[in-house]
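Each remark here refers to the structure printed beneath this line.
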Amino acid sequence: MGLFDRLLGSKKSITSGNAAPQAPKKEETFFLDPDAAKSVGDLAFMRRSNTIRHTFPGTASSPGMKELVDEVASMEAQAKMRSPGLPGAETVEAEINLTGGVPKPVKKTFAERLSSAELGERMKGSAVAVNAPGGPAAIKQEKEQASAQAQPQISQQSAKPGSTDTFKAWAKDITS
């Protein structure tokens, strides 16, 4: 034992050979019932179910006051009553079958023969020649060329930059 061991509190137990070793105490175990073992408060209060009533105003499509009554307990919740128009309150209506199980007649979809006149009428549409060269785009271009030829041509004279001769020619064409 040194000086510092005594000052710093390092005590070694010095046992003499005549002391008997102490036997550990034997503890008895006991169990509490589940309600007594919980210390969360009044269990009877927490186990009771509460009824909660919510009211809502109606909407334009479903006018009138709406009501939702819930039964809530500590471990479960269920809706006791929902007014019509609230989500989850849709009633399933039984589908009434007036045919008595008789299926609908099948529509016949067989191809019919076309007369040559009717075929000619159907061929006039643009859908027949969509992928053929000279289809609707070519027809549109021909119409534009025909309308351009119908309009009077204005002569474009090559003039010096800043010249107003072109505008004068246009004014003559308008007035004449």
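Coordinate-derived values only; no laboratory data. Worth saying up front: this structure is predicted, and the values here are computed from it rather than measured. We place every Cβ from the backbone using ideal geometry, glycine too, and count neighbours over all the protein chains shown.
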Candidate set: segment 34-79, residues that are among the charged types (D, E, K, R) and surrounded by 12 or more Cβ atoms within 10 Å (Cβ to Cβ); chosen: the one farthest from the chain's Cα centre (by Cα):
71
Residue pairs, Cβ under 7 Å, 6 or more apart or interchain, first in segment 30-47 and among the hydrophobic types (A, V, I, L, M, F, W, C), second surrounded by 10 or more Cβ atoms within 10 Å (Cβ to Cβ) and assigned to a loop (DSSP other than H, G, I, E, B). List them.
46/74
